[in-house]
Each structure stands twice: as structure tokens, then as C-alpha cells.
Amino acid sequence: ARIKKIMQADEEVGKIALATPVLISKALELFLQDLCDKTYEITLGRGAKTMSSSHLKQCVQTNSVFDFLREIVSKVPD
Amino acid sequence: MTMDAASRSKEDVSLPKATMTKIIKEMLPPEVRVARDAQDLLVDCCVEFINLISSESNEICNKEEKRTIAPEHVLKALEILGFGEYIEEVHAAYEQHRNETLDSPKAGGKWGKEAGSGMTEEEAIAAQQRMFAEARARMNSGGTQSS
């Protein structure tokens, strides 16, 4: 239900089939897991125990599939 | 914190932080800690992901001259955006969900698969809409616990 709300906040999006948020929710889970795993590798690589936003930033920069996140992480200082 | 229902700005649309924090923690090995700003960032990434898939699906939907975004559009969007490896699992989750909603106990197991989609699908859709409405209502009224 949350996901549907976010989708409909975008004015360009029209109607949404009922099953769609289910699909997106699953994809989001996978995506988040992916993002976490990859960022965690960086955290380990740096020998840190706490995952910080700069690890996340580096993760986004090294994976082209996360390109759409560049703007979001750009606010993070290096 | 006052939540004015009338002024629904774009900023209000996000995922509930507490739930996200829990999910993120569960995804990582237990001994890892996550900095507060990193957590917020992850949540922002999620919202961005949803927006991305939505607009891409919407475009695909328009190109096919349909008015309702269908599951195939979402799957196609995932592929285009480079998340092709998710497609199999997403599709599996979708199938499972479909089976769960179509096998409505009310209509008796027989209807589900043999009679085709006629009546049961409508019932299922009605049930789903009720669930969504309930969930939305719960979200709107019950979110004031710790904030």
C-alpha cells in the first residue's frame, strides 16, 4: 500500500494494476538486499564495523546499475 | 508533530522509517552497525527506486497505448533498467501471490482453477482493495506511536 502511494504521487502515473505494487515490492527487496550487500563489502574492505554513508556513496559510484542513485548520494561528503 | 492531512506535499510520500530500519538490519549480518545517515540514505534510495520503476513502467505502458500499468510493464522496466536478474524472482513472487489470491476459500477450492477467472477474480480484486484500504487507513491513523 505504501508503494502504491508513492507511485501515485507521481502525477504522470495513471492507473496501476492491482498486482503491480506486489511486483515492485519484491523488486525493491531484492534491490535493497543487493545495495546492502555490496555496500557491506566496501565496509569490510575498509576494515570498518559501521556502515556509513560514504561506503554507500562509493558503492553507487562503482556500480553502473545504481547510476540513478548518484544524485542522492552526491550530497554525501567524501 | 502535527500531520495536516490536507497539505499532502511530495515530501510526505516516503516509506515508514521504523519498518525500513528493521528490514535493513535484518538484511545485514547481525554484528554490523549502520550509521544513522547511511540508513536515511538507504531509505531515500528505496523511494528513488520505486519512482524509477514507476516512471519507466508508465512509459512502457503508454507506448503500448494501455491505460493501466500491468505486471508485464514492470518486468520490462526492470530489464531495461539493468535489473534483469531480479526478474525471475519477482515473477515467482508474483505467481505465488496470484495463486494465493485466486484460491479464495470462500468460493470453494473448485472454482479457482477450473471455472477460469470469471467470478473468483472479481472477488479476489474486491478483497484486495479492501485490504489496501485497510492498510492505508491503518497507516494514516496508527503512525503516531513514537514520533
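Read the figures in this text as sums done on the coordinates, not as results from a lab. What you are looking at is a predicted structure, and each value in this text was computed from that prediction instead of being measured. Positions of Cβ are backbone-derived with ideal geometry, glycine not excepted, and every protein chain shown enters the neighbour counts.
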For segment A:1-74, state the semi-axes of the equivalent ellipsoid (square roots of 5 times the eigenvalues of the alpha-carbon gyration tensor), sorted largest first and rounded to whole angstrom. 30, 14, 10
At what distance in nm do the modelled label points of A:Ser74 and B:Glu31 sit from each other, each positioned 7 Å from its Cα along Cα→Cβ? 3.8
Would you mind checking which residues have amide H under 5 Å from B:Val34's amide H? H placed 1.01 Å from N; only 5 or more apart, or other chain. A:Met51
Relative contact order (%) - segment A:1-74, alpha-carbon pairs under 8 angstrom, separation at least six: 19
Considering amide H positions built from the backbone, and no H for Pro or chain starts, which residues 5 or more places from B:Ile69, or on another chain, come under 5 Å of its amide H? A:Lys15, A:Ile16, A:Ala17
Of the listed pairs A:Lys4/B:Lys17; A:Lys4/A:Lys26; A:Lys26/A:Lys57; A:Lys26/B:Lys22, which have alpha-carbon separations greater than 19 Å here? A:Lys26/A:Lys57
